[in-house]
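The values are calculated or read from the model by the stated rules, or taken from the named source; none is laboratory data. Because the structure is a prediction, the values reported are computed rather than measured. Heads up, the Cβs are rebuilt from the backbone with ideal geometry, glycines too, and the neighbour counts pull from every protein chain shown. The area values use the complete protein model at the heavy-atom level, side chains included, leaving out ligands, DNA and RNA. Shrake-Rupley method; radii C 1.70, N 1.55, O 1.52, S 1.80 Å.
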Amino acid sequence: MKLASYRYGGRTSYGAVIGGSIVDLGRRLPQFPSLLAVLRAGALGAATAVAEGAEPDLALGVVTLLPPVTEPGKIICVGVNYVNRNAEYRDNTGEAKYPSLFYRSSHSLVGAGEPIVRPPESEQLDYEGEIVLVIGKQGRRIPKEQALEHVAGYTLANEGTIRDWLRHAKFNVTQGKNFDKTGSVGPWMVTRDEIDPAKPLHLTTRVNGEVRQDDTTDSIIFDFPYLVNYISTFMTLDPGDLILTGTPTGAGARFDPPRWLKPGDVVEVEVPEIGLLRNTVIDEVL
């Protein structure tokens, strides 16, 4: 099932995406006012049961899509997690023994179809297409063999980055990863039962129709179960938390000269089993 959060007619809700329409689950399940509330209650089964056979309420094209989980507790991002990514850095270091991690804020991400904003502080806005795990069950020190049981579903992200702000300090990348509205997530969450864990997912990122990133999860260094296991070793994962699992080679910074995003550019991140996340770039209006 595909579950989306959206705004329509001044009201925020969530629902099941069926074809080109939405079944409004927020109206049908008032005890769960958001998708996050559904996840926290462990009520995905109830949401599925209500959606099955229901008449659609809205055409998908008339709503404003929001990030699927509108108020995630934690957004944890994984860096340098595809084979050959390390070589892009040209620093003569070997592949890491453990994942590189950092945080994003919810304000840094918009939904599908909403504009991504280039701030006036820099022209070095870059794209990074990624697959996102949406946590559905709380856990700490989760064994790898049980890890996917804690995943409610999958979505996509453009983990947009302001490159020259990544190294303002010596040891962190937080500044360059958290400018408001520089990235996106969506268009919806596909529930775990729709994804075959044994089948690689094919991730493609396009800018103005040109393929920039093209790889499969066979190239991931630290796989999804390991990431859930590793991260939950030192922090409790809660329903609605997001894990952005890393981007393939081909980001704009790796071209010579670099190919930064500019106003009017259209960025598309796609995995056929999940969907298509599309956003247009604009300049911030002060």
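At what distance in angstrom do the alpha carbon centres of the range 1-29 and the range 42-83 lie from each other?
9 Å
Using DSSP loop states and a limit of at most 14 other Cβ atoms within 10 Å to flag chymotrypsin sites (Phe, Trp or Tyr not before Pro), what is the longest stretch of the chain containing no flagged site?
Working: sites that count: Y89, F171, F255.
Longest gap between qualifying sites, sites excluded: 1-88.
Using the Cβ atoms and a cut-off under 11 Å, what net charge is assigned to the surroundings of A152, where Lys and Arg are +1 and Asp and Glu are -1? Each step should come with its number before you reach the end.
Values: positive: R40, K137, R192; negative: E149, D193, D241.
Every neighbour counted, the sum reads 0.
Rolling a 1.4 Å sphere over the protein heavy atoms, what is the accessible area per residue of the range 178-286, to the nearest Å²?
For the range 178-286, the per-residue accessible area is 42 Å².
When we measure straight from the Cα of K2, which lysines land under 22 angstrom away, once same-chain ones fewer than 8 places off are left out?
Reachable lysines: K74, K137, K199.
With θ taken as phi - 60° and the coefficients 6.51, -1.76 and 1.60, list the Karplus ³J(HN,Hα) couplings across the range 224-236 in order, rounded to whole Hz; mark glycine and proline as x.
For the range 224-236, the Karplus curve yields 4, x, 5, 4, 4, 4, 5, 5, 6, 5, 10, 8, 6 Hz.
On each of the three principal axes of the Cα atoms of the range 42-182, give max minus min coordinate, whole Å, ordered largest first.
Result for the range 42-182: principal-axis Cα extents of 56, 42, 25 Å.
Measure out, as a whole number of angstrom, how far apart the alpha-carbon centroids of the range 101-116 and the range 241-279 sit.
Answer, in whole Å: 13.
Give the label of the value calculated from the structure for Rg and Dmax of the Cα atoms in Å, choosing from (i) 18.4, 53; (ii) 22.8, 73; (iii) 18.2, 58.
It is the value labelled (iii).
Name the shape class, rounded, prolate or oblate, that the alpha-carbon gyration tensor gives for the range 178-257, where a ≥ b ≥ c are the square roots of its eigenvalues, rounded holds for a/c under 1.5, and otherwise prolate holds if a/b is larger than b/c and oblate otherwise.
In terms of gyration-tensor shape, prolate.
Taking a 1.4 Å probe, which of R167, R118 shows the most accessible area, and what order do the others take after it?
Order by accessible area, largest first: R167, R118.
Report the accessible area of E284, computed with a 1.4 Å probe over the heavy atoms of all protein chains in place, in Å² rounded to the nearest 10.
Roll a 1.4 Å probe over it and E284 shows about 90 Å².
Is the range 1-43 rounded, prolate or oblate when judged by the Cα gyration tensor, a ≥ b ≥ c being the square roots of its eigenvalues, rounded requiring a/c under 1.5 and prolate requiring a/b larger than b/c?
Judged from the Cα gyration tensor, the range 1-43 comes out oblate (a/c at least 1.5, b/c at or above a/b).
GNM, the chain, Cα, under 10 Å: largest mean-square fluctuation among A59, A147, A16?
A59
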